[in-house]
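Since the structure comes first, as structure tokens, the remarks are kept for the end.
The values are calculated or read from the model by the stated rules, or taken from the named source; none is laboratory data. The structure presented is a predicted model; accordingly, all values stated were derived computationally and were not measured. FYI the Cβ positions are ideal-geometry reconstructions off the backbone, even for glycines, and counts take in every protein chain you see. Side chains included, ligands, DNA and RNA excluded: accessible areas come from the protein's heavy atoms. Shrake-Rupley method; radii C 1.70, N 1.55, O 1.52, S 1.80 Å.
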Amino acid sequence: MTNLTTVEDFLRDDDFIRYTLDCETDRCGRWAQYLNASAQIRAAFLRATDILLHLDECSALTPQQVQCLKQRIEYSLKLAK
């Protein structure tokens with residue numbers, strides 16, 4: 001796993017996106033261990049999760065960034081299948 005420390009890092013990580021959107025239980029332990037490392041990482045993880053689950057309501061990203069992220073997510077999930 002790469003060194004994820006910011007919201008942006010999480011939103012660029014395909015494994016994080018798959019975990020968040022697909023709720024893959026086999027990845028839960030991996031993320032739980034990673035999050036226990038730092039309160040800062042946990043906060044970034046939770047904010048990134050919130051953004052992914054509420055993209056259309058997100059004020060942290062521009063509409064162009066939301067559209068780009070949605071396209072990237074769709075592409076990543078298609079590749080994973």
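Table for the structure above
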| read-out | value |
| --- | --- |
| Residue within the stretch 25-47 that is surrounded by 14 or more Cβ atoms within 10 Å (Cβ to Cβ), in a helix (DSSP H, G or I) and among the polar types (S, T, N, Q) present | no |
| Boolean, THR2 is surrounded by fewer than 17 Cβ atoms within 10 Å (Cβ to Cβ), of a type in the set (Ser, Thr, Tyr), modelled with pLDDT under 85 and out of contact with any Cys (no Cβ under 9 Å at 6 or more places or on another chain) | yes |
| Residues of the stretch 61-77 that turn out to be open to solvent by less than 60 Å² (accessible area, probe 1.4 Å) and either in contact (Cβ under 8 Å) with a residue 40 or more places away in the chain or not in a helix (DSSP H, G or I) (or both), as a count | 5 |
| Long-range neighbours under 7 Å by Cβ, at least six apart or interchain, first residue in contact (Cβ under 8 Å) with a residue 40 or more places away in the chain within the stretch 2-17, second open to solvent by 40 Å² or more (accessible area, probe 1.4 Å) | VAL7/ARG47 |
